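Written below as structure tokens is the structure these notes are about.
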Amino acid sequence: MVNYTLIGLIFIIFFSGIRIINQYERAVKFRLGKFVGVLQPGFRWIIPIIDRVQKVDIRVITVDIPSQEVMTQDNVPIKVNGVVFFKVIDPSKAILEVEQYQYAISQLSQSSLRDMVGKSELDTVLAKREEIGSKIKAVVDKETDPWGLRVTDVKIKDIELPDNMKRAMANQAEAERSRRARIILAQAEKQAAQGLLDAGRTIDKSPAALKLRLYQTLSEVASEKNSTILFPFPEEMFRHFGKNKEK
């Protein structure tokens, strides 16, 4: 006689031990509380009650660094926040060596951010975010290496300045733009004066060029149609008078 109760119990035990591990996951397996290995993606079966698995996501994980109030090296209080990108390289270490690795890396990133910004001046923090982020990445990656984690990048997102510092920087930027404008204007005046000097020397070498320039100027003045130019006698008479005087 078939014992349907026993068959049903076997089916329950079999199906309760089925585990499906996704491609982006790894499963750390424990047997009676002892680590026995890491299960790869796919269909897996474990012994119910005796075995236990804990899944670990091996994709890149993003953790925000909350806003930190930091005093820079030149005694300017600022608020800085950022973001950390990391992934699990060794799932067994991430489970066995540290409790809640995401929380741990968040706290470590906050501490490193305060240290790096506190050692830098305000101008450096504003102009070299990538460099500071790289330094934080190196520190955090080294500290989390025993946990089986790899930090891929650290970005500084926002830097909040005090209102009086914002006004001072705005005034400084305005003064710098004014200085540049004055320098450009002075250089333009210098170039224009040099051009007039060169033109005067060239015209002075040829009386005909001076006459042509005079006619051109008169033409420009007459183009307004509101001016009248009178020559009381022909210009050639100047030359004639000059010859008679020489005789």
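The values are calculated or read from the model by the stated rules, or taken from the named source; none is laboratory data. In this text the structure is predicted, and so the values were computed from the model without any measurement. With ideal geometry, Cβ positions are generated from the backbone for all residues, glycine too; neighbour counts draw on all protein chains shown. Only protein heavy atoms, including side chains, enter the accessible area calculation; ligands, DNA and RNA are left aside. Shrake-Rupley method; radii C 1.70, N 1.55, O 1.52, S 1.80 Å.
See the values below:
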quantity: Counted residues, region 143-183 - those being part of a strand (DSSP E or B) and basic (Lys, Arg); calculated: 3
quantity: Filter result (open to solvent by 70 Å² or more (accessible area, probe 1.4 Å) and either in a strand (DSSP E or B) or of a type in the set (D, E, K, R) (or both)) within region 68-98; calculated: Glu69, Met71, Lys79, Lys93, Glu97
quantity: Tally, over region 99-129, of residues that are within 18 Å of Thr62 (Cβ to Cβ) and either assigned to a helix (DSSP H, G or I) or open to solvent by less than 90 Å² (accessible area, probe 1.4 Å) (or both); calculated: 13
quantity: Residues that are under 21 Å from Ile136 (Cα atoms) and in contact with a Pro (Cβ under 6 Å, 6 or more places away or on another chain), drawn from region 50-80; calculated: Met71
